[in-house]
């Protein structure tokens, strides 16, 4: 028999080599792909399970809430990726021993006011009050907050009649929406406005910030915390295109939420970060930095004004006094309020000057602050704020002319 040629031997050798090599390459490729999938799943799980930057501010506000109040006040808030936290809907607190959180906390839409429809009737003038805890009304029941009392003042004005208004221009109903959230800075307020302004369809916008912007919480500003959150969020959002990871995320979120509530509730606030942060509200510690530096505050308020201007909406800025300032003393809020005055002058905006009213009524207004508190006030203090807000609206003109006749 003839010996195989060298060419045929090479062909058979190549075939044998390929028959062994290809399966091995497939196995290696399969192993690499499997490893990458496992690593991606582990990374996704780590980013979902590990709170990290995503809940830093959220954990901090929960610790502050518990330090200042009593259970179940820590159940009021949910994590929000844009503004760190938001009010949970349909929350009410019935605890006579709780000084700060009273009665109805939020309606079904997550605002501290009676139920309302996002679709606004044509004869309704809607005022939306964005703000912090002074707008939310810590220490007061929902009906005693200044937005609620403002609605009553404006409604009473309508009841007295306005012969000068035409049938098409007449306002027959007032809605004042309380969009205040405890602990908010202008950074969070700007994000809140971006999320909700168009949905709420206001005729007038009010914004009350500065109470928390100067507050020293740690070594990062709100903007820096938001940047960290976004870095974590980009990969999370990419991975969440997977249905499998969506189910994993939902399951782990439920477990983590329950664990976070238990951890926060069992913490000892007297020896916690919350105590140091609370003291920083009264006497700022320069080793920590402001949540919103002054120039960032200026930029945030100007962006709020830009949003309203683009929609042809009047914006009213609210100046809120703490107890020392109401008594004519120094307050860290003053430099922020000076910025409000500058912006109002430059952009021809109205200011609801609660500071001036409190100082003019100093002997009486100082007694309206909630006991052991230098910022939040009772019904009488909120009444003064409502008057300042009404006066600012009266100066607007336009569709609010019914208030000036």
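Could you work out how far apart the two model spin labels at residue 347 and residue 152 are, taking each label as a point 7 Å from the Cα in the direction of the beta carbon, and quote it in nm? In this crude label model, residue 347 to residue 152 measures out at 3.1 nm. Modelled spin-label separation between residue 122 and residue 374, with each label point placed 7 Å from Cα along the Cα-to-Cβ direction: 5.2 nm. Report the calculated FRET efficiency for residue 362 and residue 282 (r = Cβ-Cβ distance, R0 = 22 Å), to the nearest 0.05. The computed FRET efficiency comes out at 0.65. In terms of the Cα gyration tensor, with a ≥ b ≥ c the square roots of its eigenvalues, is region 319-405 rounded because a/c is under 1.5, prolate because a/b exceeds b/c, or oblate? Since a/c reaches 1.5 but b/c is at least a/b, the shape of region 319-405 is classed as oblate. Per-residue extension of 0.36 nm, minus the Cα-Cα distance of residue 295 and residue 31, leaves a gain of 89.7 nm for this segment.
For region 268-342, the C-alpha radius of gyration divided by 2.2 N^0.38 Å, with N the number of residues, is 1.40. Note on region 89-142: Kirkwood hydrodynamic radius from all Cα pairs is 12.4 Å, rounded to one decimal.
Hull volume per residue, based on the alpha-carbon atoms of region 81-205 and their convex hull, is 108 Å³.
The numbers here are math on the coordinates, done by the rules we state, and not lab data. Computed from a predicted model, the values in this text were never measured in an experiment. Neighbour counts are summed over all protein chains in view; Cβ atoms, including those assigned to glycine, are modelled from backbone coordinates with ideal geometry.
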